[in-house]
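Structure record follows, encoded as structure tokens.
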Amino acid sequence: MPQDHHDAEGSAAERLAAEIRESVYSGDIAPGAPLREVSLAESQGVSRRTVREALLLLASQGLVVHERNRGATVRSLGAEDVIDMYRVRRTFELQGARSAPLASDEGRARLQTAYERLHDAVHGTDSREIVNADLAFHGAVVGLVGSTRLSGFYAQMSPEMEMVLAVIRRGESVDGLTPEQIIADHRTIHAALMARDVIEAQRAILEHIDFNERYLLGLLERTQPLD
């Protein structure tokens with residue numbers, strides 16, 4: 001197969017994966033929904049091979065599961081998934097707080113920029129930007145460690161985290177949370193990290209993560225039975 005044809009198929013698969021991913025994040029495609037190769041190929045005007053590659057990419061990001069005799073379906077988050085994901089977040093973000101006193105100027109600047117972006121986003125109307133800015137802020141907390149491997153591990157779980165944060169964001173909208181309520185924890189975390197106050201930063205991070213874990217589990221209970 002010529003290289004340019006292979007690249008074109010790869011690009012088409014990546015574009016299709018991005019479209020499906022956005023539909024999952026927005027809730028337009030529900031957890032557990034089947035993703036049929038034939039119907040996706042027909043509706044999107046692409047080959048079944050392109051669909052297959054897109055679904056494999058989404059599976060590698062933890063957003064799609066392949067089951068014997070069922071094919072591909074959108075990942076359904078259960079209680080154990082949430083608990084494990086937030087266990088990882090505690091480990092990574094507490095290490096970020098521990099590293100705050102010795103963080104590089106670049107890491108601190110990235111955190112400042114991420115906080116300002118999140119502050120602006122929560123006072124806007126774009127829910128997707130709020131989710132992306134939230135993800136970037138917590139990535140910047142992890143980035144204070146200055147470890148490319150640790151940041152890489154965080155990036156690997158970011159698609160799953162984005163799905164989780166999108167669920168939380170929809171819940172916040174339904175529950176009528178104000179911008180101040182959404183930004184308050186992040187402001188406390190940001191201020192403590194910039195002040196290099198490890199104890200206060202870790203306390204604020206744990207409080208934030210504990211609350212959001214409980215909130216997310218409650219949201220999932222409203223919409224689906226947990227595993």
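For the range 64-110, filtered to residues that are at pLDDT 90 or above and either on the phi > 0 side of the Ramachandran plot or not in a helix (DSSP H, G or I) (or both), the residue that is surrounded by the fewest Cβ atoms within 10 Å (Cβ to Cβ) is S104.
For every residue, the table says whether it meets (1) out of contact with any strand residue (DSSP E or B) (no Cβ under 7 Å at 6 or more places or on another chain); (2) without any contact (Cβ under 8 Å) to a residue 24 or more places away in the chain; (3) not assigned by TED's automatic domain parsing to the domain that holds A201.
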residue: A41; (1), (2), (3): yes, yes, yes
residue: Q44; (1), (2), (3): yes, no, yes
residue: S47; (1), (2), (3): yes, no, yes
residue: H66; (1), (2), (3): no, yes, yes
residue: N69; (1), (2), (3): yes, yes, yes
residue: A114; (1), (2), (3): yes, no, no
residue: A121; (1), (2), (3): yes, yes, no
residue: R128; (1), (2), (3): yes, no, no
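Residue check: A155 meets all listed conditions (1) surrounded by fewer than 20 Cβ atoms within 10 Å (Cβ to Cβ); (2) over 17 Å from R89 (Cβ atoms) but one, namely (2). Applying the condition of being of a type in the set (S, T, N, Q) and free of Cβ contacts under 8 Å to residues at least 60 places away in the same chain to the range 75-105 and asking which residue is farthest from A166 (Cα to Cα) yields S104.
Only residues that are more than 14 Å from the chain's Cα centre (by Cα), of a type outside the set (V, I, T) and at negative phi were counted across the range 132-150, and they come to 5.
Taken together, the residues in the range 179-205 that are over 21 Å from V142 (Cα atoms) and over 21 Å from the mean Cα position of the chain (by Cα) amount to 1. Based on what the data block shows, is L40 under 20 Å from the mean Cα position of the chain (by Cα), at pLDDT 85 or above, at negative phi and assigned to a helix (DSSP H, G or I)? The answer is no for L40.
Checked against (1) in contact with a Phe, Trp or Tyr (Cβ under 9 Å, 6 or more places away or on another chain); (2) closer than 29 Å to G78 by Cβ; (3) at pLDDT 95 or above, Y154 meets all criteria but (3).
Of all the criteria given as (1) under 9 Å from V145 (Cα atoms); (2) under 17 Å from the mean Cα position of the chain (by Cα); (3) among the small types (G, A, S), the one not satisfied by A79 is (1). Taking the listed residues L206, L177, L193, the one that is part of a loop (DSSP other than H, G, I, E, B) and assigned by TED's automatic domain parsing to the domain that holds R117 is L177, with no other qualifying. The set of residues in the range 44-70 being of a type outside the set (A, V, I, L, M, F, W, C) and within 24 Å of V167 (Cβ to Cβ) consists of S60, Q61, G62, H66, E67, R70.
Here I130 does not fit the description of being of a type in the set (V, I, T), part of a helix (DSSP H, G or I) and under 15 Å from G96 (Cβ atoms).
Take the conditions (1) out of contact with any Asp or Glu (no Cβ under 8 Å at 6 or more places or on another chain); (2) aliphatic (A, V, I, L, M); (3) within 17 Å of A103 (Cα to Cα); (4) part of a helix (DSSP H, G or I); V141 misses just one of them, which is (1).
The values are calculated or read from the model by the stated rules, or taken from the named source; none is laboratory data. What you see is a predicted model; the values in this text were computed from it and never measured. No Cβ is skipped: glycine too gets one built from the backbone with ideal geometry, and neighbour counts run over all protein chains shown.
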